[in-house]
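Enquirer: First the structure, then my questions, so here it is.
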Amino acid sequence: ITACIVTYRRKYLTQPNANFHDELSIPVKIMWFLYVWSVPNELIITLLFWALDYPVREDKSLRFDTFTNHGIIALLLLIDGNLIARIPLRIKDIVVMEIYSILYLIWTVIHAFSGLGNGNKKGDTLYEVIDWKNKPIATLITSVLIVVVVVPIMFMLAWLLSLIGKGFTLAGGRRQLHAY
């Protein structure tokens, strides 16, 4: 929705001129925040699905929605944010991902003991490897490794990939200044 608003109202695309110390518009800030949250998250989802969830699934059929949800979305986000929109990803933004990861981890505990279910007929776990009721120690080890190791590594990968966009400008800056 934010991208539609920003695109429809092109004045929001006016980016600050370093000489005048202008501020970014609120919709652009929201869009950048959502990008900072979504790209590393999609990379983590893709990695964890193919490394942890897919190998233990009973149904190993490869369908279009499996590739779309666990790979293609991450690729499209990287292309859009890094090459087209050139949205910056800063190392200090790792705090956003760590907070989100811890909150999601807390949600998995709440979900496991609340009896909400997962929408499938078999069991009530969200993921086979995150089973707080039956395998609490293994789940705790997996969760700590994800928060402490996987999240920072995948964030740094996303940050390194965001540097690719720098090579596409000749003005020495990351983004061109536009006035509409």
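Enquirer: Restricting the search to region 68-117, which residues are β-branched (Val, Ile, Thr) and within 12 Å of the chain's Cα centre (by Cα)? Show your work before the answer.
Expert: From region 68-117, those β-branched (Val, Ile, Thr) are 68, 72-73, 79, 84, 87, 91, 94-96, 99, 102, 106, 108-110; that's our starting set.
Residues satisfying the conditions are Ile73, Ile94, Val96.
Enquirer: For Met154, which of the numbered conditions (1) modelled with pLDDT under 95; (2) loosely packed, with under 12 Cβ neighbours inside 10 Å fails to hold?
Expert: (2)
Enquirer: Then there's this: Looking for something assigned to a loop (DSSP other than H, G, I, E, B), open to solvent by less than 70 Å² (accessible area, probe 1.4 Å) and over 24 Å from Ile30 (Cβ atoms) - is there at least one such residue anywhere in region 52-61?
Expert: Within region 52-61, the subset assigned to a loop (DSSP other than H, G, I, E, B) is 57-61.
Filter again for open to solvent by less than 70 Å² (accessible area, probe 1.4 Å), leaving 61.
Remaining after also requiring over 24 Å from Ile30 (Cβ atoms): 61.
The answer is yes; a qualifying residue exists.
Enquirer: Could you tell me which residue of region 39-68 is nearest to Tyr127 (Cα to Cα), considering only residues that are in contact with a helix residue (DSSP H, G or I) (Cβ under 6 Å, 6 or more places away or on another chain) and of a type outside the set (A, V, I, L, M, F, W, C)?
Expert: Taking region 39-68 as the starting set, the residues that turn out to be in contact with a helix residue (DSSP H, G or I) (Cβ under 6 Å, 6 or more places away or on another chain) are 39-40, 42-44, 46, 49.
Imposing the further condition that a residue be of a type outside the set (A, V, I, L, M, F, W, C) reduces the set to 40, 42, 46.
Details: Pro40: 20, Glu42: 16, Thr46: 14 Å.
Restricting to residues being in contact with a helix residue (DSSP H, G or I) (Cβ under 6 Å, 6 or more places away or on another chain) and of a type outside the set (A, V, I, L, M, F, W, C), the top hit is Thr46.
The values are calculated or read from the model by the stated rules, or taken from the named source; none is laboratory data. The model shown is predicted, which means the values in this text are computed figures rather than measured ones. Every residue, glycine among them, receives a Cβ derived from its backbone with ideal geometry; neighbour counts consider all protein chains shown. Just the protein is used for accessible areas: all its heavy atoms, side chains included, with ligands, DNA and RNA removed. Shrake-Rupley method; radii C 1.70, N 1.55, O 1.52, S 1.80 Å.
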